[in-house]
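Here, each number is a calculation from the coordinates, and none is a lab measurement. Worth saying up front: this structure is predicted, and the values here are computed from it rather than measured. Heads up, the Cβs are rebuilt from the backbone with ideal geometry, glycines too, and the neighbour counts pull from every protein chain shown.
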Amino acid sequence: MLLFFIALYLLSNVAVGAWAARKVTTSQDFVLAGRGLPLLLAASVTFATWFGSETIMGAPAMFVEGGLLAVIEEPFGSALCLFLVGTFFARPLYRLNITTFCDYFRIRFGRSAELLSAVMIIPSYFSWIAAQLVAIGIVLSVVTDIPREYCIIASAAIVMIYTLLGGMWSISVTDFFHNLIIILALAVLAVSLWQEVGGWEVIEKRTSAGFFRFLPNSTGKEWLNYVAAWITIGLGSIPQQDVFQRVMAAKTEKISVRASYLASGMYLTIAMLPLFIALSAKLIHSDLPNDNQLIIPNMVMRHGSLPLQILFFGAVTSAILSVSSGAILAPATVFGENVVKFFRSDITDRQLLKTIRWAIVVITVICVLMSTTRDANIFDLVGESSAFSLVSLFVPLAAGIYWKPANLSGCLCAMAIGFIVWLLCLWKETEYPPILWGLLASTFGMIGGSLLLPAKRSS
């Protein structure tokens, strides 16, 4: 019975994709939903940017192991990112009426900056998509006892199909309904566990000292790690295409800003529910497995009623697939808009739409291979993706908008030097977080390149 309802949830996504396909006549319809989303849909689709594997499974696993300080990156960093997008980036980018972040780099710096930014953005998504596929594989294998690899392949096929059909229109509509259902499921589960665990005083007594500490101790290294956790997603996800597409799909500039703020607030409230559920489950049920990524799925499976199982697993499965869909669409869009069009400026809109759809297929296959062959947890995969864009793209984006002397030389230096320094620090396993060295190098690259090198602009 449970498997039947989950299958029904998944098929409903395909049905929505088929319905949304009727609204897609141009590449902008496919990529930005025709820039026609009202506030509720815009906020919902923006909130759903990360409300998938890392929020429901990755962050709870880190939380029960390391307390509040272990989850600064997610969900707090995600809330920071959306707040900053609304405050500093949504307005200037919306006014440009562009399709991708890389379009901005072309307008502000030149065509070589557009191409290099595209080369940086596309691979940054592979780890993120792989994290979603790993999560859906875990969920479905818990429910069905089918090997995780087969579950990953099946779910990837479904998400690829409905993304191919409707693009951002199908993502927007499905996200809205998925959010309603998953919030309801998490709320029901949280209330039930609150009553079972016996309230806050019991939780506080049964957790270790400092478990709910929000600030680190006074040592310099701890503070640097703390800052790195905040900015990995907090700054690193600002120059990511899927965030941009969701915010830019709003009907007006004002709606795009409000949607960002509303989504940020939802992260600071709703995303706390999975953390509480995982901790309560760990305190109450000693029979749960050691793999903390499986705490919530196993707890629901073993101790939840059938209606709760249907509600939870159906909604979680669909929510993760929606996040996956947006994450797959983003690099495919960049490939079509900023790589193919770079070399083929005469490409028609129909050919471009076809190219983006083929890119969706190829990217899905690559990420399926990554998720079935790499041994990494969900939280690490997501952080890896955001760090990639933080060290290469954040500084050129922010400087381009808010620092007049920024030029093409500075932009290229910031992208290249930040990325190279980050890779070297990862390889050397430096004592301090590699992303801080990469971000610092990118900043110096922008300042030095802009002030010392000619302000030449590529055509």
Note: Phe444 to Phe212 extended length (0.36 nm per residue) minus current alpha-carbon separation gives 79.9 nm
If Trp358, Trp200 are placed from fewest to most neighbouring beta carbons inside 10 Å, the sequence is Trp200, Trp358
Per the rule of 0.36 nm per residue minus the C-alpha distance, extending Ala154 to Leu451 adds in nm 101.7 nm
Plugging the Cβ-Cβ distance of Leu3 and Trp230 into 1/(1 + (r/R0)^6) at R0 = 45 Å yields, to the nearest 0.05, a FRET efficiency of 0.65
P(r) over all Cα-Cα pairs of the stretch 2-361, 10 Å bins from 0 to the longest distance, whole percent per bin, short to long, reads 5, 25, 33, 24, 10, 3, 0
The distance between the Cα centres of the stretch 412-443 and the stretch 202-268, in whole Å, is 22
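For each of Leu451, Leu294, count neighbouring Cβ atoms within 10 Å of the residue's Cβ, then give the residues from fewest to most. Intermediate values should be presented prior to the final figure.
Numbers: Leu451 13, Leu294 18.
Ranking Leu451, Leu294 by Cβ neighbours within 10 Å, fewest first, gives Leu451, Leu294.
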For Tyr402 and Glu253, extending 7 Å from Cα along the Cα-Cβ vector and measuring point to point gives, in nm, a value of 1.8
So, with points 7 Å from each Cα along the Cβ direction, the Val191-Asn97 label distance in nm works out to 4.8
Dimensionless Rg/Rh of the stretch 300-428, both radii on Cα and Rh by Kirkwood, sits at 1.09
The rounded separation in angstrom of the Cα centers of the stretch 96-136 and the stretch 269-315 is 35
The exposure ranking of Glu149, Glu74, fewest beta-carbon neighbours within 10 Å first, is Glu149, Glu74
Expressed as a whole-number percentage, the relative contact order of the stretch 236-330 with C-alpha contacts under 8 angstrom and at least six residues apart is 25
On the formula 1/(1 + (r/R0)^6), with r taken between the Cβ atoms of Ile146 and Trp19 and R0 of 25 Å, the FRET efficiency rounded to 0.05 is 0.30
Per the rule of 0.36 nm per residue minus the C-alpha distance, extending Val361 to Glu201 adds in nm 52.5 nm
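Classify the stretch 264-329 as rounded, prolate or oblate from the Cα gyration tensor: take a ≥ b ≥ c as the square roots of its eigenvalues, call it rounded if a/c is under 1.5, otherwise prolate when a/b beats b/c and oblate if not. Before the final figure, lay out each step's value.
Details: a/c = 1.90, a/b = 1.48, b/c = 1.28.
It is prolate, given that a/c is not under 1.5 and a/b is the larger ratio.
Compute the convex hull volume of the Cα atoms of the stretch 392-448, divide it by the residue count, and report the result per residue in Å³ as a whole number. Please report the intermediate quantities before stating the final value.
Values: hull volume 3.3 nm³, N = 57.
Dividing the Cα hull volume of the stretch 392-448 by its residues yields 58 Å³.
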